[in-house]
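Down below is the structure, laid out as structure tokens.
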Amino acid sequence: MITIIDLEKYYATEEVRTIALNKLSFKVREGEFVAIMGPSGCGKSTLLNILGLLDDPDGGSFIFNDIEVAGFNERKRAELRKHNIGFVFQSFNLIDELTVFENVELPLIYTGVKAAERKERVDAVLEKMGIMHRRKHFPQQLSGGQQQRVAVARAVVNNPKLILADEPTGNLDSSNGNEVMDLLTELNEAGTTIIMVTHSEHDAKYSHRIIRMLDGQKVTENILADYKSSVAP
Amino acid sequence: MPDLTGFHPDSYRDCEVYQSKIKKRAIMFRNHIKIAFRSLKNQPFFTLINTFGLAIGMAGSLLIGLYIYDELSYDKMFADAGRIYRIDMDIKFGGAEIKSAETAPPMAAALQRDFAEVENTVRFRILGSNLFRSSDKSANIKELSTTYVDATFFDMFGLELIDGNKETALKEANTLVMTRTAAENHFGSINVVGKSLLLNNEDTYVVTGVMEDLPKNSFLKDYSIFMAMAGNVASRENIWGSNNYFTFVKVLPATRMDHFQLQLDGLLEKYILPWAQKTFPGMTAASFAASGNYIRYHTIPLTNIHLHSDNQIEMGEKGTIQNVYILSFIGFFLIFLACVNFMNLSTAHSLKRAKEVGIRKTLGSNRIQLIVQFLTESSLISFASMILAVIVAFIALPFFNDLAGRTISIPFTEPLFYVAILLFTMVLGLFSGSYPAFVISRFIPVETLKGNGFKNGSKWNIRSMLVVFQFGIAVFLIVGTLVIFQQLQFIQNKDLGYSKEQVLVISDSYAAGQQVNAFKHEVLSLSAVKSATLSSFMPIASARSNSSFFREDAMDQKFAIQMQTWDVDHDYMKTFGMELIAGRGFNNQSVADSTATIINESTLTTLGLSAQEALGKRITEDVELGKPVFYRIIGVIKDFHYESLREDIGALGLFLNKSTGSMAVKLQTDDFASAISSIENIWNEQAPGQPFNYRFMDDAFDTSYNEERRLGNIFIVFTSLSIFIACLGLFGLAAFNAQKRTKEIGVRKVLGASVSQITFGLTTDFLKLVAIATAIALPLGWFVMNIWLQDFSYRIQISWEILAFAAFLVILIAILTVSYQSIKAAIANPVKSLKTE
């Protein structure tokens, strides 16, 4: 599904040029659950931004669903993004002024889904995430775990093929964190590809494969023992 | 030993504590100033916009303030101004209602004789413009405003002479007092007492005094020559029916004006009825009142004349209190808009400083200190703005004077001016800094350090309301401007019933004396000239009086007709292209036509006759003096506008009489310059040494709407200013909003929103506010401008197009202002905005 070859990204200030990604290459197959780990500043977030088509690499190749997308302009990336990719952030990034329902509805508005169908699909996904009773609440009125469920609901409402999760449990206590990880696992089992950046070895164990990074490069890659039998605790 | 009471070690320590407190405060203050300077320096764009916006607003209101101060100061400089009143009169006679500032010649004497509380009186009998020359010169100089005045003039207004004796000046007939400027114009010197001047080439006057030019903010500002009333024969006549004298009275201190009024009411019975009975035997107060007529005298304080008089004719150009109100309104809102801007921009800017506030609070700064710090900053900006504003106002003043038709100056030598300005600056600084300081100091340190800024709950916050308010004002002012200009346009294009195009008016043609007919004759022989007419009566607003006329078959005062009588020659109607609707014009060969008249349509209405019925009827003037002269109506002329369009067209009769005040020339060429120079050559032959003054009829017509034109121009300038300031504010708020919603915009973009969707969303948020403002301000503007239009008898209807255009304009401006920030926010990379975690 995703193939990156020799991916490069630099950040330049007036005096210093920082290398964020240094000829990084790997593949992710459809249906995989991949965790990316590494210390702060190793380039994880940069990688995720590029994978999420939010940012453009400075060099190398990025093939998404058999299409070379490196060098795509903003408009093309946005088009591809809104139909294929869902995001889950550490800080949830819900819009405070919108209700739970409206937050989840947002991606459907931008992909041009009709109002009646939007309601149906939002309701369905809220039901599935177990937050239907909160649909009229505003984000501040919810607990962290509930907010992240809304964020996950928003990420999947468009039935994306790929979910990118940036430390999805970072702002949650362990029991809420586990719930969210269970949710992601369920989604993965239903066929959604997931790429997750995390600091937590515990969370990484939910995945099939862990890619460890340092200074913009891949250091190791371990395939977890129970991959294929594939049932996480 | 000296007593050292109060110098105990304890109090010494107190003193030390106190001193260190002061020291601490001083350090704190220095720190505030330092930080303020640096933070302003670090944000040059913000500081510039803020200072500039505030300065523009301040400069605008400073100019308006000076203008209003000038308007309100009229006639207050005269000694005892508070005790001086003028006797005004409301009169209804023969269907015409007149508000007059002029009363009868014996009024002053009657007041002096009968009223115990009268200290002094003075009368003016206005002569208008006249030609003067010193006896050793042949060339005349025209003085525009001259008047007869009683010798009590100097005592009345506390005026001094720079040359001459004010006790004796103006006592004798044929003496005059002139202003410094007039003296210099005629003699090149101010020591001219004893010299003589020739008035209109005929009468010799001796100069008995020279006075300083009269204050620019007084009702006498235009007057340059004052002639002794003793030379005016009519001033001594006991005629209560002719009202040509501006009569002022100074009352004793503590006079009760309500008692004074009661005595004034008694004048009707005491003087006017006995006088009127000579003409109308048997007339009583009851029968007079029963006929629906009235004469009511009342007083107006000297200091109210300039702004509050509603008389048709005044001694000088008058202002109106409405304009003062309108300008106060504009001035106040201009400064208010500027403050609102300042608040909006400062609050927007403060987001960037949230972190600084967080750190300060963490380090132990309390809220008061923060507030003081931000107020220091706003005061600094306010102060800088004021310096800039005074400079801007100083540069703009000549243009403003031109616009407003005033000669205002900035009172740099007045200490009070500086005090007022400093106070104003401080209040403004504190006021506009208050809201931002309040908001910023409320930041919660933990939140701001995390970079979350502050949360903003409701959408309907103060800033939004301020924007609605700002744009409401802008819309209102746009409507006002459009209406004023459309009304002026309407006046200019209105069919006046005569043609004012290509008509040259040569004023003071009487100066040619006996040669005036030859002059006219020769001018007529020019090929560029179509027609020419001699008359003192031109169809533009000017000081003229009514006379009472009676139909031959109804010589009863009940049927009196008030009408203007114009002496014209037989070419008058032809020259002005006036239309007859019945009968014929004058024939200068016919002796009978010297007792003929041509009346206008309005006179028909008062007579109650149709045009055909009126022909051949005879009318006569007030029958008081001997046997009446009857005038036969030989023609009826279509109504034409001879007064301002503020007035209805009144009754008017044309009479064939020699009257050589002006000559109107209808040209039939486009080469005005050579036509004028040909006419001037003829003038110089026929009237050597006399000034050749001319103007075009349409220009003269336009000048009679100067007050409206000024108001229009002032409106345009200040409307533009307020729109500009409102746009600065909107720009600031758009920046603020975009900043506040950075995260939200980022999220939306990640979820697939396009740039145009986001730009549209951000822009419509503001357009909603502007639309609300428009919805409120349009009906208000419509309402207020309709009141303004009531002043005109002939006026436009405020069309929906005007309102639509105002709305369109303001929305367009708002879109242009907001879209920059919206687009900037929309194209920003979401990765960056979401990274600020």
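Points worth noting:
- Counting, for every residue in A:95-105, the Cβ atoms of other protein chains within 10 Å of its Cβ and taking the mean gives 2.
- Mean Kyte hydropathy of -0.5 or more with a Cα span along the axis of at least 15 Å, helices from DSSP in chain B: B:44-72, B:321-350, B:367-404, B:415-441, B:462-493, B:672-686, B:706-740, B:755-789, B:800-827
- Among B:Val479, B:Val516, B:Val357, a tally of other beta-carbon atoms within 10 Å of each Cβ gives an order, fewest to most, of B:Val516, B:Val357, B:Val479.
- Among beta bridges identified by DSSP and lying wholly in chain B, the antiparallel ones come to about 80 percent.
- Two-site label geometry, B:Asn165 and B:Ser135: point separation in nm, points 7 Å out along Cα→Cβ: 2.1
- Working ranking of peptides B:823-829, B:80-86, B:416-422 by packing, defined as the average number of other Cβ atoms within 10 Å per residue, highest first, is B:80-86, B:823-829, B:416-422.
- Length released on extending from B:Asn587 to B:Phe808, taking residue separation times 0.36 nm less the Cα-Cα span: 73.7 nm
- Residue of A:Leu164, A:Leu106, A:Leu51 that the Gaussian network model of chain A assigns the largest fluctuation, springs spanning Cα pairs under 10 Å: A:Leu106
- Close amide-amide hydrogen proximity is noted between B:Ala582 and B:Val636, each under 5 Å apart and 5 or more residues distant or on a separate chain (H modeled in the peptide plane; Pro and chain starts excluded).
- Computed from backbone phi with θ = phi - 60° and the Karplus coefficients 6.51, -1.76 and 1.60, the 3J(HN,Hα) list for the stretch B:79-89 is 4, 6, 3, x, 10, 9, 10, 10, 8, 10, 9 Hz; x is used for glycine and proline.
- Distance from the stretch B:114-172 to the stretch B:363-425 (C-alpha centre basis), Å: 44
- Relative to one another, the C-alpha centroids of the stretch B:760-803 and the stretch B:588-650 are positioned 46 Å apart.
- The overall shape of the stretch B:124-170 is oblate: from the C-alpha gyration tensor, with semi-axes ordered a ≥ b ≥ c, the ratio a/c is 1.5 or greater and a/b is no larger than b/c.
- Size of electric dipole in the stretch B:605-691: Cβ of Lys, Arg +1 and of Asp, Glu -1, about Cα centre, debye, nearest 20: 460
- Toward the positive end of the charge dipole of chain B, with +1 on the Cβ of Lys and Arg and -1 on the Cβ of Asp and Glu, the farthest Cα among B:Phe374, B:Phe485, B:Leu609 is that of B:Phe374.
- Charge dipole of the protein assembly as shown about the Cα centre (unit charges at C-beta), most positive-ward option of B:Leu302, B:Leu580, B:Asn461: B:Asn461
- GNM top mover of A:Asp96, A:Asp166, A:Asp203 - chain A, alpha-carbon springs below 10 Å: A:Asp96
- Averaged over the residues of peptide B:748-760, the number of Cβ atoms from other protein chains lying within 10 Å of each residue's Cβ is 6.
- In sequence order, calculated HN-Hα J values of the stretch A:128-135 (Karplus, 6.51, -1.76, 1.60; Hz; x Gly/Pro): 4, 7, x, 10, 4, 5, 9, 4
- Relative packing of peptides A:119-130, B:427-438 - highest average C-beta neighbours within 10 Å first: B:427-438, A:119-130
- Close amide H contacts of B:Thr103 (hydrogens built in the peptide plane, cut-off under 5 Å, sequence separation of 5 or more or a different chain): B:Asn244, B:Tyr245, B:Phe246, B:Thr247.
- The DSSP beta bridges internal to the stretch B:96-255 are antiparallel in roughly 75% of cases.
- Counting DSSP beta bridges with both ends in the protein assembly as shown, the antiparallel % (nearest 5): 75
- The stretch A:39-94 and the stretch B:247-282 have Cα centres lying 97 Å from one another.
- For the peptides B:222-232, B:122-132, A:12-22, the ranking by mean Cβ contacts within 10 Å, running from highest to lowest, is B:222-232, B:122-132, A:12-22.
- Average beta-carbon neighbours from other chains, 10 Å sphere, peptide B:198-205: 0
- Remark: the stretch A:82-93, residue by residue, has Karplus-estimated 3J(HN,Hα) of 6, 8, 10, 10, x, 10, 10, 10, 4, 9, 6, 6 Hz, where x stands for each Gly or Pro and the curve is 6.51 cos²θ - 1.76 cosθ + 1.60 at θ = phi - 60°.
- Amide H within-cut-off set for A:Gly59, under 5 Å, with H built and near neighbours excluded: A:Glu8
- Summed over qualifying helices (DSSP H, 4 residues or more, each -39500 (n - 2.57)) and divided by its residue number, the protein assembly as shown shows a 222 nm mean residue ellipticity of -15000 deg cm²/dmol.
Every number in this text was worked out from the coordinates using simple rules, so none of it is lab data. Model, not experiment: these values are computed from the prediction. As a convention, Cβ positions derive from the backbone with ideal geometry for all residues, glycine included, and neighbour counts pool all protein chains shown.
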